[in-house]
Every structure is written in C-alpha cells, then in structure tokens.
1. For segment 15-87, what is the per residue volume of the convex hull drawn over the alpha-carbon atoms, in cubic angstrom?
2. Using every alpha carbon pair in segment 45-89, what percent of pairs falls into each 5 Å bin from 0 up to the bin containing the largest distance?
3. Taking 0.36 nm per residue of sequence separation and subtracting the Cα-Cα distance, how much length would be gained by fully extending the chain between residue 81 and residue 38, in nm to one decimal?
4. Under unit Cβ charges (Lys, Arg +1; Asp, Glu -1), what dipole magnitude, rounded to 20 debye, does segment 30-99 have relative to its Cα centre?
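Here, each number is a calculation from the coordinates, and none is a lab measurement. The model shown is predicted, which means the values in this text are computed figures rather than measured ones. Methodologically, a virtual Cβ is constructed for each residue, glycine included, from the backbone with ideal geometry; neighbour enumeration extends over all protein chains shown.
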Amino acid sequence: MNQFVQKMIGMGGITDQVIATDFLIAAKTGIKNYALALSETYNPEVREILRAHLNKAIDTHQEIMDYMVSKGYYHPQNVQEQLKVDFQVTDTALNLPQQ
C-alpha cells in the first residue's frame, strides 16, 4: 500500500502485517472447515476433492506463516518476541483515529 494512503488512514507500516494475519486466520479457518467436511462426507469422490483442497489449504497456511516469520510478524517459537509484536499491534489498533 502506498505510504501516503497508509498515513492518511493511520496504519503506518503495519498494513502488510494486518493483511498477512487476516490471511493466516482465513487459512486456518479453511483447514478446520475442510477437515470437518471431510469427516462428514461418505462419497469417495467428494472425499478426494475435499482432501485435495485440505492439502492445498495446509500448504497455503505454511507459505503465509513462512512469509510472516521472514518479515518478523510472527514468532511461533519465541513467546516473548511474539508478545512484543502482539502488544505493538494492539497499541497501533488502539491509537487509530476514530471515524
């Protein structure tokens, strides 16, 4: 996103992190939904289609997580660092201009 627009809406440089986090949450939700649908389906053809979609969702989740780790947005193996990031995101959200 253009820096001028970011400053106008009060998001600064955190926009990429917010988008990546939303995408990660959506991927997790997709994984849960595909797994549930797969466990409720009897038809072999439908099960195979759902299994393929589930595997793609898992791969997508890994790609997003790798991106977030490489950018310093996500620290799955360091709770203290993750808490620092989470508090920074929280502070930014609380200080956004009210509209």
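1. Dividing the Cα hull volume of segment 15-87 by its residue count gives 87 Å³.
2. Percent of Cα pairs in each bin: 5, 21, 18, 16, 12, 9, 9, 6, 3, 0.
3. The span from residue 81 to residue 38 would gain 11.9 nm if fully extended.
4. Roughly 40 debye, rounded to the nearest 20.
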